[in-house]
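Contents: one structure, followed by commentary.
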Amino acid sequence: MKVIRSPRVVARLLVGTSLAAIALPAVAQDGGEQSTAGVGEIVVTAQKREQNLQEVPIAISAIGAEKLEQLQVADARDLSGIAPNVTIVPGQSSNNAAVISIRGITTPASETFGLDTANALYVDGIYIARSGASGLDVTDIERVEVLRGPQGTLFGRNTTGGAIAFISRAPSNEFGIRGEAGYGNFNAWNGKLAVDTGLLGDAIKATFSYSHRERDGTVDNLLEPDDSRDPGSRKSDSFRAAIRIEPSDTGYFQYIFDWTKATGNPFAFQVTNIADGTPRPPVTVNGVQVAQTQQTSVAQYLAGATFLEPECAPLGVPTRQYRDQICLNSDDLTTDKIWGHNLQAYNDFGGFAAKLTSGYRKWNSLTRGSDFDGVGTIRGRQFTNATLFNGFPSALLQGLGLPAQTAGFLATQQVPTTTADLFFTSNDRRHEQFSTELEFSGDSDALNWVVGGFYFWEKGSEDNPQTSGFVLDTNTAIFGDAAFVGVLRGLGFPANLAQQFAPVLGPSFRAANPARYRLVVTPAKLVYSTTSESKAIYGQFTFYPGGRDSGASVTAGARYTWDDKSIVRAQNGAAPLATAERGDASFSKFTWNVMGRYEFNPDVSVYARVATGYRSGGFNASDPVVAGSNVIPAFNEESVMSYELGLKTELFNRRLRLNVAGYHNIYDDLAIIVPVLTGTGTFQSRITNAGKVEYTGIEADFLAALNDNFSIDGSIGYVDVKYKEFLAGQPVNPADPVQNIAEFANPGYTSPFTANIAFNAVFPVGSNGMELRARVGYTHEDGKYSFNNVISSPFNEQIKGDDSDMVDAQLVLDNIPLGRGDARVMIWGKNLTDDNNLVRGIDFGPLGYAGGIFNDPRTYGVTVGFKY
């Protein structure tokens, strides 16, 4: 791996940040009378029970409602950079998808149903199985918990990197109304309204909320007059209802319904690199020649093509420079509909408590069309076998043995043209899931315990038409001396004569070729459905050897998981399959963790943790079948062993909270995704277990209350990813084994270094409780690779993301008296420096071009709200 920042530099930064955090409150105290300000207690439920954040022996960040509101967090994608070693990038063809990376371990960029996530997303205790549904609007958020490190015991499979949990606000005992409305640039406006019914009788209370968000696109599509259909546009509506029944002081029933509909145009894809067909020679690995992905001559094809919209012609020249204009001849909107039911039942029986959490969710996603070249409508020469000899001189064709009349006719015919995009795709995805979890917990002077069982079922289907354009250099592939032998044999030449005449005729045909570069247009469709079933039992026990006041505790937990998966494929090419292709696989895993914690005093504690995690195996929907069968092969599960040490502190009379963690993860059987050109001529991805990887990192987060008016919060993280084994090198000689190309490997979608810091201020205005709040925040994320090696992804280095340096700010006038309630006004801005960095790259590998998605430009606006 290419090391971007040395560990020594990062260590100095971590120490410097910690010292600065410690020194700042001390300076404030020296400047005058000591303030009574301090950091407040944060309650989390990361271990299936309510606990003080500082008493939980894992690395966890919790973001409360006030900060979430200030940062305008609406879904998981808004959390990038808020916690150390956590980054999130958008999907490539969906408004709702997200690629989440925690401690270098990433959610797959592929949105196929056969591949599970590595970082789990939970909403009110319900696991959200698909990354494509990560962008659901979560209204009435009470807090977000970001758990870093494997969570294989209490949260189960698919948490090898960690988990993100959204916890919504429970209905209030008091009647209340809350609302807000806002407007910003790009014609963005939003509105929210929430109503608490208060107690209805003695036991029932409810909350109903609705939110609306919309904005125009952020990049101008020159071929679309309606700004609301430009790339980056979004229009969403969400509704949530929560009903809670508390028949006694010891228990409750709660039902939550949520519904979201989001329509828009995904972020603009901009071409940044095109290939010229230069051969890429094999590389030598351990003395074995390993083939590299070859690229087509896209540069020459575009140079000879006609841009039917003249204003789009300049876009045919690729650039890494951000463009605020693009040409999409296909810009149909995508629509996502998400809805779910959540039922919870809880009761404390005295000696123990029981909780049932059940959920049913559906997600339908329709992408009507995505144009992945962004250069408008281009007309170029098309390759077909029937028109191969069109336009060649009659004399040359007669030299092949064609009759004079036929040769004369072909000589007058034009090579056909096409206006096909380089790559076009649409998609119809449908998904439903059901899960239920029953847990029992209890505690005593010397023991906390929780045991439970979990069941999960899901079904998904995908109908994915696509059209690929492969540029064929006919002078090489058809009329090159070696290739021309096959052409002559097809025309009836004996083998010896074909070998003799190919070197003689080939140069003449190459010289007279009326269209050397021709586009092979290949329409195809991928149609399949998957089902998955998972069952697990688990338990975790925390012992206090000397009692709870002794300061020492030991936690041990274990989980056993059984997974069954199947896939049925009806089409994987131009035509439906005569016989459906199928795959069935079962996986199981025992995961465990052991943690020790020692509390030196109520403000300082250390912990050590050893934990394992497991990501289930599965199927890649476009993989070829096992030779001689209709069986789709499965890839294996992944596993991780994690070692972690942590320090949690609250110092200077609780004016500073500083938490530090270091970790070392050993990952086995990493499933990798590489771009390939299939035998049917279409662009797809392949998945295989190829890797053993080690992740070593350190991270810290802090909150310093300088005095009653000022505070600083921030985090910093570094992860060093080293590939020990990467069995993905395809040998030139089929007799040689697949080679370990770890020396060429890069971690995908991972920022080695992340940091954020925010300065906060609050001042009373008058004596009626009104406050003026201000916040200025800065977030840095190192540039990310989007693919894992340059051998199979030729443009991987060129499309590596830029370093991201984002500044945002908010100014809020809060608690403005308004009758029996109060109001607030907030002015906000995001990406104030207009840092237009490349955040996600896409390498089309053998198709010969690459590009990417850039960050949102500067946005700003004003929001007004009220509470009654």
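The values are calculated or read from the model by the stated rules, or taken from the named source; none is laboratory data. Quick caveat: nothing in here was measured; it's all calculated off a predicted structure. Every residue, glycine as well, gets a Cβ built from its backbone with ideal geometry; the counts of neighbours run over all protein chains shown. Remember, those area values only see protein heavy atoms, side chains included, never the ligands or the DNA or RNA. Shrake-Rupley method; radii C 1.70, N 1.55, O 1.52, S 1.80 Å.
At a glance:
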read-out: One residue from Gly821, Gly852 being of a type outside the set (D, E, K, R) and under 24 Å from the mean Cα position of the chain (by Cα); value: Gly852
read-out: Test result for Pro318, of a type outside the set (A, V, I, L, M), farther than 25 Å from Trp457 by Cα and assigned to a helix (DSSP H, G or I); value: no
read-out: Pairs with Cβ under 8 Å, 6+ apart, first in region 462-489 and under 30 Å from Ser94 (Cβ atoms) and open to solvent by 30 Å² or more (accessible area, probe 1.4 Å), second of a type outside the set (A, V, I, L, M) and assigned to a helix (DSSP H, G or I); value: Phe470/Pro846
read-out: Any chance Gly748 is in contact (Cβ under 8 Å) with a residue 40 or more places away in the chain and closer than 22 Å to Leu847 by Cα; value: yes
read-out: Some residue of region 326-348 being more than 24 Å from Ser236 (Cβ to Cβ), open to solvent by less than 10 Å² (accessible area, probe 1.4 Å) and not in a strand (DSSP E or B); value: no
read-out: Any hit, region 466-485, residues being under 30 Å from Gly557 (Cβ atoms) and in a strand (DSSP E or B); value: no
read-out: Residue count for region 60-76, restricted to those that are touching an Asp or Glu at 6+ places or on another chain (Cβ under 7 Å) and either under 21 Å from Thr542 (Cβ atoms) or of a type in the set (D, E, K, R) (or both); value: 3
read-out: Residues of region 611-631 classified as of a type in the set (A, V, I, L, M, F, W, C), open to solvent by less than 40 Å² (accessible area, probe 1.4 Å) and modelled with pLDDT of 95 or more, total; value: 1
read-out: Gly114, sole failed condition from (1) under 22 Å from Lys362 (Cβ atoms); (2) of a type in the set (Gly, Ala, Ser); (3) part of a loop (DSSP other than H, G, I, E, B); (4) open to solvent by 10 Å² or more (accessible area, probe 1.4 Å); value: (4)
read-out: Top-ranked residue of region 77-111 - restricted to ones that are aliphatic (A, V, I, L, M) and assigned to a loop (DSSP other than H, G, I, E, B), ranked as farthest from Phe269 (Cα to Cα); value: Ala83
read-out: The listed residue being among the aliphatic types (A, V, I, L, M) and crowded, with 16+ Cβ neighbours inside 10 Å, out of Val719, Val738, Val765; value: Val719
read-out: Among the residues listed as Ile63, Ile88, Ile42, Ile105, the single one being more than 10 Å from the chain's Cα centre (by Cα), among the β-branched types (Val, Ile, Thr) and buried (at least 24 other Cβ atoms within 10 Å of the Cβ); value: Ile105
read-out: Total residues in region 733-763, condition part of a strand (DSSP E or B) and either in contact with a Cys (Cβ under 8 Å, 6 or more places away or on another chain) or not β-branched (Val, Ile, Thr) (or both); value: 12
read-out: Search result, residues across region 359-384 that are within 30 Å of Glu458 (Cβ to Cβ) and either buried (at least 20 other Cβ atoms within 10 Å of the Cβ) or over 26 Å from the mean Cα position of the chain (by Cα) (or both); value: Gly359, Arg361, Trp363, Ser365, Thr367, Ser370, Phe372
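Quick grid of which residues meet (1) in contact with a helix residue (DSSP H, G or I) (Cβ under 8 Å, 6 or more places away or on another chain); (2) surrounded by 22 or more Cβ atoms within 10 Å (Cβ to Cβ); (3) at pLDDT 95 or above:
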residue	(1), (2), (3)
Glu145	no, no, no
Thr153	no, yes, no
Thr160	no, yes, no
Ala170	no, no, no
Ile177	no, no, yes
Tyr183	no, no, yes
Thr197	no, no, yes
Asp202	no, no, no
Asp226	no, no, no
